[in-house]
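The values are calculated or read from the model by the stated rules, or taken from the named source; none is laboratory data. For clarity, every value in this text was computed on a predicted model and none was experimentally measured. Don't worry about glycine lacking a Cβ; one is built from the backbone with ideal geometry, like all the others, and counts go over all protein chains shown.
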Amino acid sequence: MKPLTAQIQANWLGYTGIIPFLAAGLLPLDWNQDQILFAIQAYGAIILTFVGAIHWGRALNNNTPGLFVISVIPSLIAWVSLLIPANYGLPLLITSFLIVIIFDYQQYSTLAWFKTLRVRLTLIVCSALLFSWLFNIR
């Protein structure tokens, strides 16, 4: 069996990572809506932290101290998003994902496949978060 390339693995794992966002909309209606909303918000915070951590690895590999700071900011924003109600936390996450993808898009000029993957995943994640927010505003 031929080993998977980094690109194939990243695609598989990236798209698998959006399953919780999509599955939340399929949960039984008798579940508490606040629990479902928090689950989406919490997973969004986890993924935002993960996306920021990509730059921690880049900082180590490239000896770029400024990237350490940039890598931690999404985690701090994600944490704040969990301390506030979902009607504020979800838009904060959406805005943060969009800012991070703009930064990332500029950073990965030589990895076209990765830029494409990140843009697609970000659009799906932001759409799921937006959908959750719009249908649960109180």
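At-a-glance table
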| item | result |
| --- | --- |
| Hits in the range 64-98 - residues which are of a type in the set (Val, Ile, Thr), farther than 24 Å from residue 136 by Cα and part of a helix (DSSP H, G or I) | 69, 70, 72, 73 |
| Test for residue 48: is it surrounded by 13 or more Cβ atoms within 10 Å (Cβ to Cβ) and within 16 Å of residue 130 (Cβ to Cβ) | yes |
| Scope the range 113-129; condition among the charged types (D, E, K, R) and either farther than 19 Å from residue 46 by Cβ or surrounded by fewer than 17 Cβ atoms within 10 Å (Cβ to Cβ) (or both); matching residues | 115, 120 |
| Residue 132 vs. criteria at pLDDT 90 or above, in a helix (DSSP H, G or I), surrounded by 13 or more Cβ atoms within 10 Å (Cβ to Cβ) and not aromatic (Phe, Trp, Tyr) | no |
| Single residue of the range 85-103 satisfying the filter (crowded, with 21+ Cβ neighbours inside 10 Å and not hydrophobic (A, V, I, L, M, F, W, C)) that is nearest to the chain's Cα centre (by Cα) | 96 |
| Selected residue (only one of 122, 116, 110, 49 is free of Cβ contacts under 8 Å to residues at least 12 places away in the same chain, polar (S, T, N, Q), assigned to a helix (DSSP H, G or I) and on the phi < 0 side of the Ramachandran plot) | 116 |
| Filter result for residue 110 (loosely packed, with under 14 Cβ neighbours inside 10 Å and among the polar types (S, T, N, Q)) | yes |
| Extreme residue, farthest from residue 17 (Cα to Cα), among residues of the range 45-62 that are hydrophobic (A, V, I, L, M, F, W, C) and in contact with a Ser or Thr (Cβ under 7 Å, 6 or more places away or on another chain) | 59 |
| Subset of the range 47-58 (residues that are touching a helix residue (DSSP H, G or I) at 6+ places or on another chain (Cβ under 7 Å) and under 18 Å from residue 76 (Cα atoms)) | 47, 48, 49, 51, 52, 53, 55, 56 |
